[in-house]
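These notes are about the structure you will find just below.
All of the numbers you see were taken from the coordinates with simple rules; none came from a lab. All values reported here derive from a predicted model rather than from experimental measurement. Note: ideal-geometry Cβ built from the backbone for every residue, glycine included; neighbour counts use all protein chains shown.
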Amino acid sequence: MALVEFRDVSYEIARRPILRELSLKVEAGETLVLLGRSGSGKTTALKMINGMLFPTKGQVLVDGRSTTEWDPIRLRRRIGYVIQEVGLFPHFTVGDNVGLVPKLEGWSAPDIETRVNLLLDKVGMPPAEFRSRYPRQLSGGQRQRVGVARALAADPPVLLFDEPFGALDPVMRLELQRQLLALRQDFQKTSIFVTHDVREALLLGNNIALLSEGRLDVMAPPREFRQAQSDEARAFLAVLDN
Amino acid sequence: MRSDLWGDILQLSAEHLLLVLNAMVFAIAIGVPLGIYLTRHRAARPWLLGFSNIMQTIPSLALFGFLIPIPFIGGIGKRTVIVALVLYALLPILRNTLVGILGVEAAVCESAIAMGMTDGQLLRQVQIPLAAPTIMAGIRVATVTTIGTATIAAAIGGGGLGVFIFRGVASVDTVQILAGAVPAALIALAADWGLGWVERKLSSV
């Protein structure tokens with residue numbers, strides 16, 4: 001059974017369609033990249049998975065259950081969320097930021113500490129050096145590493161990424177992309193990753209869904225995606241020729 | 001006579017401080033929760049902000065006059081004064097609570113919600129701590145203005161340092177006016193400094 005499934009999902013704001021009859025499945029352990037231009041509906045689709053938004057028509061199923069039937073709090077604590085602006089709590093230390101969801105879930109203090117240390121290590125931020133710092137004392141790349149660690153903290157089966165590396169310089173971006181691939185080896189997670197960068201999509205996705213004006217244009221694994229013939233896919237792939 | 005004056009200053013200053021303290025406790029207890037309510041209920045914003053805005057525009061002497069005939073909260077004396085002072089202090093506290101909470105970075109609130117915080121957790125753990133310096137600034141401004149406004153309390157028998165000022169104006173006695181005005185100004189300065197210190201402490205986190 002697919003872990004996340006969109007069934008004929010449409011969404012509109014003030015009668016303006018954002019998503020049109022979107023249907024797709026994300027299998028357990030897979031990384032699906034939602035690729036598209038600004039305004040193609042990819043972020044809207046992402047926010048429907050953790051119940052930040054709900055479809056006007058159709059259903060989004062997580063674990064086989066419609067998001068409208070989930071208790072939103074329970075649903076969200078099972079889904080890690082990483083956004084471009086990171087959104088770390090400025091008044092929490094790095095350690096408290098990472099340990100937030102485990103704390104909300106009522107883990108014991110020693111368990112939280114062990115988990116935080118493990119994750120900070122995994123994202124290349126030695127806990128002895130970083131766990132008592134505040135977000136403002138970190139660089140952009142370090143903040144996003146903490147953001148990724150925070151999303152993984154309570155071991156959620158699903159991770160959502162909304163252009164997480166979009167604000168970073170190219171060198172840092174590549175480093176974090178590689179790190180994410182390495183993390184994927186360690187933590188078998190189902191991920192949905194939003195980007196407008198076709199290179200990033202090809203690097204990170206097991207499957208790429210290209211959205212165009214709220215519709216699913218092409219959905220294919222990277223190798224096949226490179227051969228896709230639709231106008232929109234070719235527009236994106238043309239970037240690679242430069 | 002001289003030592004008598006010092007004694008009066010002390011006693012009336014204490015009375016003044018008590019009036020302000022009473023008014024501020026009520027103003028904070030009403031203003032902060034109401035401001036939080038407004039962050040969750042957009043439709044009520046123009047009504048409540050409008051009401052407290054209008055309150056601010058009414059000259060204080062006139063407001064005392066309006067309150068006197070109202071049963072329970074009105075009449076002559078301290079209670080009426082405190083009601084009027086609360087009405088004046090409400091706007092800065094209400095507005096700063098609202099603005100402070102709405103001003104918390106959108107990405108921070110979005111992550112908090114996406115991580116599965118309940119609305120109460122979002123409010124207590126994220127929005128109030130981050131809005132605290134702004135809320136405190138509203139309380140500071142309200143306190144300083146209230147210390148000044150409270151001098152008019154004497155006009156309706158509320159006591160405080162205004163007693164000196166009214167007496168001094170009536171008898172064209174500069175010493176009496178200064179005996180009311182200088183301590184009031186010093187209390188206002190001290191409150192501004194002290195609450196400003198708290199505000200800076202809150203924003204350094």
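Could you grab the Rg to Rh ratio for region A:1-79? Cα atoms only, Kirkwood for Rh.
On the way: Rg = 12.1 Å, Rh = 12.8 Å.
Ratio value, two decimals: 0.94.
Spatial offset of region B:96-116 relative to region A:60-100 amounts to 15 Å, using the alpha carbon center of each. If only the Cβ of Lys and Arg carry +1 and only the Cβ of Asp and Glu carry -1, the dipole of region B:65-166 around its Cα centre is close to 400 debye. When the chymotrypsin sites (Phe, Trp or Tyr not before Pro) in region B:3-84 are filtered for DSSP coil states and for at most 12 other beta-carbon atoms within 10 Å of their beta-carbon, the remaining sites are B:Phe72.
Pairs A:Lys47/A:Lys189; B:Lys78/B:Lys201; A:Lys103/B:Lys201; A:Lys25/A:Lys47: which exceed 22 Å Cα-Cα? In this structure, B:Lys78/B:Lys201; A:Lys103/B:Lys201 lie more than 22 Å apart at Cα.
Based on the Cα atoms of the protein assembly as shown, what semi-axes does the equivalent ellipsoid have, where each is the square root of 5 times one gyration tensor eigenvalue, given in whole Å with the largest first?
Each semi-axis is √(5λ); the values are 59, 24, 18 Å.
Convex hull volume of the Cα atoms of region B:21-132, normalised per residue: 109 Å³.
What number, in percent, do you get for the relative contact order of chain B if the mean sequence gap of Cα pairs under 8 Å and at least 6 apart is divided by its residue count? If you can, show how the numbers build up before the last one.
Working: 262 pairs, mean separation 54.0, N = 205.
Computed value for chain B: 26 percent relative contact order.
Distant-in-sequence amide contacts of A:Leu159, defined by a placed amide H-H separation under 5 Å and a gap of 5 or more residues or a different chain, comprise A:Gly80, A:Thr190, A:Ser191, A:Ile192. Structural descriptor for chain A: relative contact order 27 percent, calculated from alpha carbon pairs under 8 angstrom and at least 6 residues apart.
Ranked for footprinting exposure by Cβ neighbours inside 10 Å, fewest first, A:Glu12, A:Glu129, A:Glu163 give A:Glu129, A:Glu12, A:Glu163.
How do A:Asp111, A:Asp162, A:Asp217 line up, fewest other C-beta atoms within 10 Å first? List each step's numbers first, then the result.
On the way: A:Asp111 12, A:Asp162 21, A:Asp217 18.
The most exposed by this proxy come first: A:Asp111, A:Asp217, A:Asp162.
Listed from fewest to most Cβ neighbours within 10 Å, the set A:Met172, B:Met136, A:Met48 follows the order A:Met172, B:Met136, A:Met48.
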